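As structure tokens, the structure follows; a few thoughts come after it.
The values are calculated or read from the model by the stated rules, or taken from the named source; none is laboratory data. Keep in mind that what you see is a predicted model, and the values were worked out from it rather than measured. Cβ coordinates were reconstructed from backbone atoms using ideal geometry, including for glycine residues, and neighbour counts include every protein chain displayed.
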Amino acid sequence: MAKNKIKVEGVIISIDRNDYISLTDIAKQKKPKFPIDLIRNWLRNQKTLTYLFAWEEAHNENFKLGQIHQFRSLIEDNTKIISPKMYIEHTGQEQ
């Protein structure tokens, strides 16, 4: 199935077959050449992680709740760069 798209305040955002919106499309509005940098910064924000963990717990049956403490410890180290791949590996998030 082809991706759907929505336009929000002039920004075109892709929606996949599971109705997930593309964070990359949103991040491209602020950092067109390197949206991953912005996404990594979001993943280091405690409020973002609190939201994501609550969402995962409610919607992801494969959510690895036991690894969240390990992941939180990892992000507290300011020398670590958190990537979406790391988040997926630590939480069991489905892609």
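Here is how the numbers come out for the structure above:
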quantity: Selected residue (criterion: modelled with the lowest pLDDT) from residues of the stretch 1-22 that are more than 18 Å from PRO35 (Cβ to Cβ) and of a type in the set (S, T, N, Q); calculated: ASN18
quantity: Hey, LYS33 of a type in the set (Lys, Arg) and at pLDDT below 90 or not; calculated: no
quantity: Among (1) loosely packed, with under 13 Cβ neighbours inside 10 Å; (2) at pLDDT 80 or above; (3) not acidic (Asp, Glu), the one test that GLN95 misses; calculated: (2)
quantity: Check on THR48, surrounded by fewer than 16 Cβ atoms within 10 Å (Cβ to Cβ), in contact with a Phe, Trp or Tyr (Cβ under 9 Å, 6 or more places away or on another chain) and either free of Cβ contacts under 8 Å to residues at least 60 places away in the same chain or not in a helix (DSSP H, G or I) (or both); calculated: yes
quantity: Subset of the stretch 63-85 [assigned to a helix (DSSP H, G or I) and either surrounded by 13 or more Cβ atoms within 10 Å (Cβ to Cβ) or among the charged types (D, E, K, R) (or both)]; calculated: GLN67, ILE68, PHE71, ARG72, LEU74, ILE75, GLU76, PRO84, LYS85
quantity: Residues of the stretch 7-25 that turn out to be loosely packed, with under 10 Cβ neighbours inside 10 Å and outside any loop (DSSP other than H, G, I, E, B), as a count; calculated: 1
quantity: Failed item, numbered, when ASN60 is tested on (1) surrounded by 12 or more Cβ atoms within 10 Å (Cβ to Cβ); (2) at pLDDT 85 or above; calculated: (2)
quantity: Residue match in the stretch 26-43 (condition: under 22 Å from THR91 (Cβ atoms) and not in a helix (DSSP H, G or I)); calculated: no
